[in-house]
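Down below is the structure, laid out as structure tokens.
Only the coordinates and a few stated rules stand behind these numbers; no lab work does. Since the model is a prediction, treat every value here as computed from it, not as a measurement. All Cβ positions, glycine included, derive from the backbone under ideal geometry; neighbour counts span all protein chains shown.
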């Protein structure tokens, strides 16, 4: 029982990372039909922003040393600015290109960001201690110790999701954004301002990325120029198996991928455990073949003839 | 079609292929004539990438589905070649898991490379049966999942691949001329394929999948054929690459290589063979130029160089610029046709149409 509970918390907290990142990717896919490969690098930038301007091997925190009330808005702001710059410099000029070109464009953007990080901070991973006492365990029920952080990750994710839902359902811009995701051309004809909605989506996507960076750095304590890539890959897989273009699907996909990873990690025999990712991706192929539209089918995902 | 088509007509029809082969051969000959050993190595690497990109073109260009998975076939080809060609002694040390038949023998690189290509094709055939049923973005993602799955597998399969360390002791046999030979073979293969009934059927599904199905094209089957053929060439490129580097690490076949080769194809224009070839040529020159600027030009006593990794940043920026200003690639997806239009008499035109 206690062990099962531990596994459940592990699955939920890993799934939270994937779900948050998947929401960021799914949001942009909804309005732009863009699969944003650079999303992982937004996460990386958010993490590296903690140590600006120090490029030493022993990283010293500047923004990372601020009081949380000041730290969190700064990091969120920086990532949003980076995301908006990407929108102006890359996504907007490519607005009318084919999805393949857009995808390669975002890949190129990610490549630029990664190499900029190496250029400025060097290629070696750096250790940072941000709020490391959050990793201490707490007792939630009899005999179950979980790191405080996992609970924080899960609650932050839930809070952000609730906020996003309220925004999408209850505010004017949220409604515009949902309309644009449903049928972009029709929404424009009905008076939705395309560029404003897209900018907003990009900004929210950046905000979600910065949340992932902060939580991830606290959990791992390591900065690496490739740190965002695996998160992006799993999140990307999550959006696809959840159903491209559906935000509910992105969340469902994120938690599914997290749960499958943790379950395989727990229940695979030890000699097969190193092959966990092989099975995770094989599972993805299986889902795609059985349900090409994803687990949650959005109305706009059906291909029109 | 009663009039015999003259030899000149054949020439004009194969011109889009010939001009590319001549162009590449001239570049190789010139660089080999003036270049030193290091430039010659860069050239070999570019030619191997050309094979990969032509292989990618066979599938992506004709089917219109972006594949993120082909570098896995390159990896399969590279390791399969090494399993055959390495010296028994090194095999004992690095990859003792091989069956005895392979452990105790060592074969010539050429048949080994071809067998490795066939093995990659087989892998593509098997995975393709599931993957090729998908269309559009789902298909791209599925190829990507296949890639990650195989990559993670090779990374952990240490008795056959040396896992996370590197597999050393592969003879260096890939010269620019060897790579050129295989590159030309792959270009000829791609050209013949895209003009065959299979290629045309697949192209029709690229333009309009529903209409192609209605016209009786088995889209899944056609995609599978292209996927298998392209994996064959990409697998051979992998074999050559191992024999170019002299060592193999699984990490060589990861996102970096995927990204570079795909972007070469997209920059050139993914719907034509000319696009594949021109993309590789332009990008290779660009990469080399940027690398040189990073290591610095010497003016008298002063060396002016750019900071580390700025060449990668520059590469990304140039690629973005090309994508923004030529979204369908440098060639706009067209082949290079014989520049002089044939003068036909009116009677000939009517005869041709009948």
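If you fit an axis through the alpha-carbon atoms of helix B:7-34 and take the longest principal axis of the Cα set of chain B, what angle between them do you get, 0 to 90°, nearest 10? In chain B, helix B:7-34 runs at an angle near 30 degrees to the longest axis. The modelled label-to-label distance for the pair residue B:166/residue A:270, using points 7 Å beyond Cα in the direction of Cβ, is 3.2 nm. Going from the fewest other Cβ atoms within 10 Å to the most, the residues B:160, B:15 appear in the order B:15, B:160.
Largest mean-square fluctuation among B:218, B:309, B:62, in a Gaussian network model of chain B whose springs join Cα atoms under 10 Å apart, belongs to B:309.
Counts of other chain beta carbons within 10 angstrom of each beta carbon in peptide A:95-108 average 6.
Between residue B:159 and residue A:124, the simple label model (points 7 Å from Cα in the Cβ direction) yields a spacing of 3.8 nm.
Would you mind classifying segment B:162-234 by shape? Square roots of the alpha carbon gyration tensor eigenvalues, ordered a ≥ b ≥ c; an a/c under 1.5 is rounded, otherwise it is prolate if a/b is larger than b/c and oblate if not. Because a/c hits 1.5 or more and a/b fails to exceed b/c, segment B:162-234 counts as oblate.
At a threshold of 8 angstrom on Cα-Cα distance, excluding pairs fewer than six apart, so keeping six or more, what relative contact order does chain A reach in percent? Relative contact order comes out at 34 percent. Computed packing ranks the peptides B:233-239, A:38-44 as B:233-239, A:38-44, most packed first, by mean other Cβ atoms within 10 Å. Take each residue of peptide B:312-323, count the partner chain Cβ atoms within 10 Å of its Cβ, and average: the result is 6. As a proxy for reagent exposure, A:13, A:132 were ordered by neighbouring Cβ count within 10 angstrom, fewest first; the result is A:132, A:13. Per-residue Cβ neighbour counts within 10 Å put B:92, B:36 in the sequence B:36, B:92, beginning with the fewest.
Modelled spin-label separation between residue A:85 and residue B:87, with each label point placed 7 Å from Cα along the Cα-to-Cβ direction: 5.2 nm. Peptides A:269-275, A:190-196 ordered by packing proxy, namely the average of other Cβ atoms within 10 Å per residue, highest first: A:190-196, A:269-275. Ordering of A:148-154, A:180-186 by packing is A:148-154, A:180-186, highest average first (other Cβ atoms within 10 Å, averaged per residue). When the square roots of the Cα gyration tensor eigenvalues are ordered a ≥ b ≥ c, the ratio a/c for segment A:14-227 is 1.5 or more and a/b does not exceed b/c, which makes its shape oblate.
For chain B, the longest principal axis of the Cα atoms and the long axis of helix B:273-295 meet at an angle of about 40 degrees.
Here the contact order of segment A:66-221, divided by its residue count and restricted to Cα pairs under 8 Å and six or more residues apart, works out to 36 percent.
Helix B:197-207 versus the longest principal axis of chain B: what is the Cα-based angle in degrees, 0 to 90, to the nearest 10? Approximately 90 degrees, to the nearest 10.
Per residue of peptide A:112-119, the mean number of Cβ atoms on other chains within 10 Å of the residue Cβ is 5.
Per residue, the average separation of C-alpha pairs within less than 8 Å and at least 6 apart gives segment B:12-255 a relative contact order of 38 percent.
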